[in-house]
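Each remark here refers to the structure printed beneath this line.
The values are calculated or read from the model by the stated rules, or taken from the named source; none is laboratory data. Predicted model, so just to flag it, every value in this text is computed and none were measured. For neighbour counting, all protein chains shown are included, and Cβ atoms are generated from backbone atoms with ideal geometry for every residue, glycine included.
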Amino acid sequence: MAIRFGTSGWRAIIADEFTYKNVRLVTESICSYLKEKSGGKQTLIVGHDTRFMGEAFSQTAANVARQKGFRVLLCESPTPTPTISHAIRSEKAIGGINFTASHNPPEYQGIKFSTADGAPALPEITKQIEETIENTPQIENADGGTVERFDARPNYLDDLKIKIRFDQIAEAKGRYAYDAFWGTGRGYLDKILRDYGLEVETLHDWRDVTFGGKSPEPSEKQVGELRETVKAKNLTLGLATDGDADRFGIIDKGGEFITPNELIALLSDYLAESRGWTEGIARSVATSHLVDRVAESRGLKLYETPVGFKFIGELINKDEIILGGEESAGLSIKGHYPEKDGILACLLAAEAVAVRGTSLTEQLNELYSRVGKLESGRIGVKLTDEIAKSLKEKLAREPSEIGGKKIETINRMDGVKFIFADKSWMLMRPSGTEPMVRIYAETENKEDLEVLLEQGRHYLLG
């Protein structure tokens, strides 16, 4: 089977497609691309998350790169994706190879390739790498390559201290619980809060390559233990990150789950207010239009991008936005890296609570009073062979209405997004990380949202 890079790198099941042979092939192809672009001896960051065989696969990749003449900085312990992004930039590396399958189930492994700016490689780059893989590259070995053990944590945490107002978080004396989901965020998010004298209870603070028998994703249905801890101990916030710490999950005081859509809108509003920043705000095509309303209320430009943080990362690099976010729980901000950072997101949530002196739920209610409330959600439909055969044709249709709702415009930026006359919308697109079709929708009330999502399922399966 051909190796293909999706929304966030190449992911496959361990010992099926994800093998030593394919790891060597992908690594050599990346090295071939980098040699062609730069030539000469260059620094390459190689890291891994807490998944099964992470150390072995990353060592294999490091050895391949060394043989091709690269100076390899090999992360000495499981390292968050945003930390590797920072290391690429701070060490002036030509790129990074990170062994992670992010929030995918434990049987998966993956390779994420980032370019010299610390951003996920754009489609035009991964396409070149795929073509090189298909041609079975054989680039010559080169002298001078080395592999050096590297600890990326200290410099990353120091960088966060410049971007987060820890003095105000410390002054507010909040109490927190943090669910590491057996992932790379342990010893990062909890450590930096404790460094400022704050009380943090860490859940799942050990390595488990099975992630407790589930996907290491801090979604609403998987943060039950964190919610109960926050409620039982009357904590300020519950914070969570996924396996490679690029995604976030937030439980407010009292146990309320704050959705990624809500946090992205809230933090956009908070940063415009607290920092006085006047650049735009970016969201993916699948993310809530509540972000649009925040941008309009603050007089800021709104950018819409395809799904995949690499597209938001371009706007971060160009310094055109104060915040960019995706409903799948990824965000970054002005002056940070062009990669989603779950640790940063959690810390900004803590800062907003500390500075404003009110809970996130109270802040959201105040925001809704200014811009109105929206209800958003998504469902997944398994991509069977039968659905796959008809998917392209169904997504190419141009209906005038769905379920009696008149379609005003159709957006084909990524998948197909139907925007209805009442400004509600529905998006259908194949997942870039899992074998399924995702259906997203947004309306002004929950009842209409549930109906619209089911109409989308019927449209897809009918």
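Annotations
- Of all residues in the stretch 261-304 being outside any loop (DSSP other than H, G, I, E, B), of a type in the set (Ser, Thr, Tyr) and without any contact (Cβ under 8 Å) to a residue 60 or more places away in the chain, the one that is surrounded by the fewest Cβ atoms within 10 Å (Cβ to Cβ): Tyr303
- Filtered by the rule that a residue be of a type in the set (D, E, K, R) and under 16 Å from Asn155 (Cα atoms), the stretch 191-209 gives Lys191, Asp195.
- Among the residues listed as Ala352, Ala388, the single one being in the same structural domain as Ala177 (by TED's automatic domain parsing) and either in contact with a helix residue (DSSP H, G or I) (Cβ under 6 Å, 6 or more places away or on another chain) or free of Cβ contacts under 8 Å to residues at least 12 places away in the same chain (or both): Ala352
- Ile164 meets all of the listed conditions (1) in contact (Cβ under 8 Å) with a residue 40 or more places away in the chain; (2) farther than 17 Å from Val353 by Cβ; (3) of a type in the set (Val, Ile, Thr) but one, namely (2).
- Single condition Asn98 does not satisfy, out of (1) touching a helix residue (DSSP H, G or I) at 6+ places or on another chain (Cβ under 9 Å); (2) outside any strand (DSSP E or B): (2)
- Going through (1) over 26 Å from Glu339 (Cβ atoms); (2) buried (at least 24 other Cβ atoms within 10 Å of the Cβ) one by one, Asn234 falls short only on (2).
- Tally of residues being under 27 Å from His103 (Cα atoms) and touching a residue at least 24 places away in the same chain (Cβ under 8 Å) across the stretch 414-445: 21
- Looking across Ala56, Ala62, Ala87, Ala101, one residue alone is surrounded by 22 or more Cβ atoms within 10 Å (Cβ to Cβ) and more than 23 Å from the chain's Cα centre (by Cα). It is Ala62.
- Residue in the stretch 398-410 that is more than 27 Å from Phe5 (Cα to Cα), in a helix (DSSP H, G or I) and in contact with a Ser or Thr (Cβ under 7 Å, 6 or more places away or on another chain) present: no
- Boolean, Glu375 is surrounded by fewer than 24 Cβ atoms within 10 Å (Cβ to Cβ), acidic (Asp, Glu) and out of contact with any Pro (no Cβ under 7 Å at 6 or more places or on another chain): yes
- Within the stretch 364-389, tally of residues that are at pLDDT 95 or above, under 26 Å from Glu450 (Cβ atoms) and assigned to a helix (DSSP H, G or I): 6
- Strands (runs of 3 or more DSSP E) lying entirely in the stretch 112-222 (those with 1 or more residues that are assigned by TED's automatic domain parsing to the domain that holds Ala87 and over 19 Å from Gly249 (Cα atoms)): 146-150
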